[in-house]
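Student: Before we start, here is the structure in question, set down as structure tokens.
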Amino acid sequence: MKPNSFSAWLLAVRPYSLGNAVILVLIGSASAYAAGSFHAPAAILCLLFAVLMQCTANLVNDLFDFLKGADRPDRLGPDRAFAKGHITLPAMKAGIAGFTLASAASGCALLWWALRHGTLRFGGWELVIVGLFCILFAYLYTAGPWPLAYHGLGDAAVILFFGIIPVGFINYIQTGDWTWEVTAVALACGLVIDTMLMVNNFRDREEDAACGKRTIVVRLGAAVGRWGYFGLGLSAVVLCLTLLAGGKVWTALLPVLYLPLHVATWRKMVRIDHGEELNVCLGETARNIWIFGLLLTLGILLG
């Protein structure tokens, strides 16, 4: 692969992970639609911000995981562009800066839209603060003197920044409201998306331990990875079932169809246990997340 080529950058931004950003916008916007306040321009700007932030985080992770020794050329997971030498250091730094600026610009456009339409309760400062935290998270997950992913906080960060914050605020930007039902579906979304991190950390537990990356799986053992993966998916479905209390029958029941797929992937993960073959489970997990997101979105729209 030619250094700094389009193919190299495509590898670096990890297109297979960008579906998570799409799911967040689908669920948050479906919640806004169900509340009678869906706005297509806001949803598109939210999608742009989410995708650009995901790309920024992926590039930062690509660079700093390599610099910290977590991503070696012989890693078990999918290839990393910087570790393989497909992107040079100056180009990677410029790419991170470019995506960060593009993310900030899309966030400013979203703030402008929200202020113009009067959907924010606190004058827009809440959106500025959340946007800054999202950018900080993209860096502090693997970069800085105390990276979250290296101190067992990666899962908590994913649940917060790939669940509660994006889904909740995508709905809030359009409706000006935040209900307990929105919190439930946002948390469920974060739990399901965290299954991808859990299977990654389960696969990489030996390499992570060797380089000092203290994930939950490294700290507490492989059994936590096995049962943690299972528990994340199960907890998400149980959370959705609580929506029966609010009369949201379809929202509560449709995500149950995700559970057999989750269990099947979990059983395969337990059987394989270690090695590169676990990448099959990673692919199935990405598929399962998509299915959960679509089922939950449809359920919200149906009520």
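Coordinate-derived values only; no laboratory data. As the structure is a prediction and not an experimental result, all values here were calculated from the model. Note that each Cβ is placed from the backbone with ideal geometry, even for glycine, and that neighbours are counted across all protein chains shown.
Student: To make sure I understand the rule: partners must be aspartates and glutamates, Cα under 16 Å from the Cα of K2, and not fewer than 8 residues away in the same chain. Which ones qualify?
Tutor: Leaving aside aspartates and glutamates fewer than 8 places away in the same chain, those within reach of K2 are D79.
Student: When N counts the residues of the chain, how does its alpha-carbon radius of gyration compare numerically with 2.2 N^0.38 Å, as a ratio?
Tutor: Dividing the Cα Rg of the chain by 2.2 N^0.38 Å gives 0.99.
Student: Quick one: divide the alpha-carbon radius of gyration of the stretch 153-264 by 2.2 N^0.38 Å and tell me what you get.
Tutor: 1.18
Student: Ratio of alpha-carbon Rg to the 2.2 N^0.38 Å globular estimate for the stretch 59-217, to two decimals, please.
Tutor: Rg over 2.2 N^0.38 Å, computed on Cα atoms: 1.17.
Student: Per DSSP H run of n ≥ 4, the term is -39500 (n - 2.57); total these for the chain, divide by its residue number, and report the mean residue ellipticity at 222 nm rounded to 500 deg cm²/dmol.
Tutor: Computed ellipticity for the chain at 222 nm equals -23000 deg cm²/dmol.
Student: Tell me, what are the semi-axes, in whole angstrom and largest first, of the equivalent ellipsoid of the stretch 1-93 as set by the roots of 5 times the Cα gyration tensor eigenvalues? Can you show the working numbers first?
Tutor: Details: eigenvalues 219, 33, 20 Å².
Ellipsoid semi-axes (Å, largest first): 33, 13, 10.
Student: Count the lysine pairs in the stretch 6-302 whose Cα atoms lie under 27 Å apart, taking only pairs 8 or more positions apart in sequence or on different chains.
Tutor: So the count of such lysine pairs works out to 7.
Student: Considering just Cα atoms, how many Å³ per residue does the convex hull of the stretch 37-132 enclose?
Tutor: 117
Student: Assigning unit charges at the beta carbon (Lys, Arg +1; Asp, Glu -1) and nothing else, what dipole magnitude in debye, to the nearest 20, does the stretch 6-302 show about its Cα centre?
Tutor: With only Lys, Arg, Asp and Glu charged at Cβ, the dipole is about 20 debye.
Student: Taking the Cα centre of the chain as the origin and placing charges on Cβ (Lys, Arg +1; Asp, Glu -1), which of L294, I272, G247 is farthest toward the positive end of the dipole?
Tutor: Of the candidates, I272 comes out farthest on the positive side.
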